[in-house]
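The values are calculated or read from the model by the stated rules, or taken from the named source; none is laboratory data. Every value quoted in this text rests on a predicted model; they were computed, and no experiment measured them. Reconstructed Cβ throughout: ideal geometry from the backbone, glycine too, with neighbour counts over all protein chains shown. Keep in mind that these areas ignore ligands, DNA and RNA; they rest on the heavy atoms of the full protein, side chains included. Shrake-Rupley method; radii C 1.70, N 1.55, O 1.52, S 1.80 Å.
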Amino acid sequence: MRAMVLQEIKPIENNPLEFKDLPIPEPSNKQIRIKVATCGVCHTELDEIEGRLEAKLPVILGHEVVGTVEKLGPGAGKFRTGDRVGIAWINSACGSCVFCRQGNENLCPDFLGTGCDVNGGYAEYAVVPEDFAYLIPEKFSDSAAAPLLCAGAIGYRALRLTGLRDGQILGLFGFGASAHIVLQIVKYKYSNSKVYVFTRPGQKDHQALAVKLGADWVGATGEIPPEKINCAIDFTPAWKPIVEALNILEKGGRIVINAIRKESKDQESLLRLDYSAHLWLEKEIKSVANITRRDAEEFLPLAAEIPIIPEVREFELEQANEALNLLKQGKIQGAGVLKISE
Ligand SMILES: [Zn+2]
Ligand SMILES: [Zn+2]
């Protein structure tokens, strides 16, 4: 099968993903094999490629995988061949530890990430435990469905963790694949809430998309919006937006950081936090780690009901390096998706 493989850690500018012809993987016990139609491109892949997040090399990246069930492994019976399913970042968890038993399988010590600890979807075929695959609602094309599996599902989880109540103001820092989906969820579920969107300076296309999707105010990170925000989600790879968000955060507010790793170059801005200005009066900073199956299972039908319309830009599988370079430069509007087979 055709696959794009990460062999060693390098800057993405060196185009480190290599095209390989690999054997088609066999599904083991309770696993299914999926013929991959599309796979989304995510910031977490940049973290793996550039070494901020340790992946088990060599690895096929990709954790927003959409395709059809093509072969059932021994004992698998949840799906039939031909069903259209998705794989997300959570590839498996132990099911028996204290975190799994409480429904927090995203925190399981044996958590395995798709396209990180095991092979993912930058390839023609992928295998996954059947309990960690999800039916894709008919409403979505293969390309539109892909970003729902990470950008959408983790955005949904991050939004839940903010504790936003209807009528409160939410700030979104960074306006890419995840934020443009979160904005659509908020406009549907919290019709009295305002959403302020902060981008890098000069990202006029991103700001225009935010306005089109219903943002109540847009500006560059560091600009002062009309009112304080009650909570925020940070989708950026940088630290400065956290400090800027804390500056305009209302008392008792919470900032949720949606990133597995930050690029460290401006870490000193976080270390310069001023307790009285940034944290006093019960302001909180919280991270969102991975997703649970419940997040994906709740979010996909909600996305179809709203319906979420993901903005996608398609690439060929062999263009994965190019797609990731554009992602790093903030030049992909909405979500990047690799089209792998019809
Ligand atoms: Zn992701
Ligand atoms: Zn566990």
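The residues listed here are L72, L57, L6; of these, the one that is within 16 Å of ligand 1 (Cβ to nearest atom), more than 18 Å from the chain's Cα centre (by Cα) and touching a residue at least 12 places away in the same chain (Cβ under 8 Å) is L6. The sole residue among I255, I285 that is part of a strand (DSSP E or B), open to solvent by 40 Å² or more (accessible area, probe 1.4 Å) and under 13 Å from W239 (Cα atoms) is I285. Can you find a residue that is closer than 20 Å to L57 by Cβ, small (G, A, S), within 20 Å of the chain's Cα centre (by Cα) and more than 16 Å from ligand 2 (Cβ to nearest atom) anywhere in segment 136-148? No, segment 136-148 has no match at all. Exactly one residue out of F111, F79, F99 is more than 13 Å from ligand 1 (Cβ to nearest atom), under 19 Å from the mean Cα position of the chain (by Cα), among the aromatic types (F, W, Y) and surrounded by fewer than 24 Cβ atoms within 10 Å (Cβ to Cβ), and it is F111. Selection of first residues in segment 298-317 that are within 17 Å of A335 (Cα to Cα) and of second residues that are among the polar types (S, T, N, Q) and open to solvent by less than 70 Å² (accessible area, probe 1.4 Å), restricted to Cβ pairs under 7 Å at least 6 apart or on distinct chains, gives the following pairs, ordered by first then second residue: I308/Q184; E311/Q333; V312/S143; R313/Q333; E314/S143. On inspection, G103 passes the criterion of being farther than 27 Å from I49 by Cα and either acidic (D, E) or within 14 Å of ligand 2 (Cβ to nearest atom) (or both). When we screen G163, G174, G152 for residues that are under 19 Å from F235 (Cα atoms), touching a Ser or Thr at 6+ places or on another chain (Cβ under 8 Å), open to solvent by 10 Å² or more (accessible area, probe 1.4 Å) and in contact (Cβ under 8 Å) with a residue 40 or more places away in the chain, the only hit is G174.
Note on segment 43-72: residues that are under 16 Å from V118 (Cβ atoms) and open to solvent by 10 Å² or more (accessible area, probe 1.4 Å) total 7. Looking at I90, I9, just one residue is within 16 Å of ligand 2 (Cβ to nearest atom), in contact with an Asp or Glu (Cβ under 8 Å, 6 or more places away or on another chain) and either open to solvent by 50 Å² or more (accessible area, probe 1.4 Å) or closer than 27 Å to D234 by Cβ (or both), and that residue is I90. Taken as a whole, the structure places E305 among residues that are loosely packed, with under 14 Cβ neighbours inside 10 Å and under 30 Å from A93 (Cα atoms).
Against the test of being in contact with a His (Cβ under 8 Å, 6 or more places away or on another chain) and either under 22 Å from R157 (Cα atoms) or at pLDDT 95 or above (or both), the options T81, T44, T38, T68 yield a single qualifying residue, T44.
Of all residue pairs spaced 6 or more apart or on separate chains, those with beta-carbon atoms under 9 Å, a first member in segment 100-124 that is without any contact (Cβ under 8 Å) to a residue 12 or more places away in the chain and a second member that is surrounded by fewer than 19 Cβ atoms within 10 Å (Cβ to Cβ) and assigned to a loop (DSSP other than H, G, I, E, B) are C100/C94; C100/D110; R101/G95. Looking across segment 114-132, just one residue is open to solvent by 20 Å² or more (accessible area, probe 1.4 Å) and in contact with a Phe, Trp or Tyr (Cβ under 9 Å, 6 or more places away or on another chain), and that is D117.
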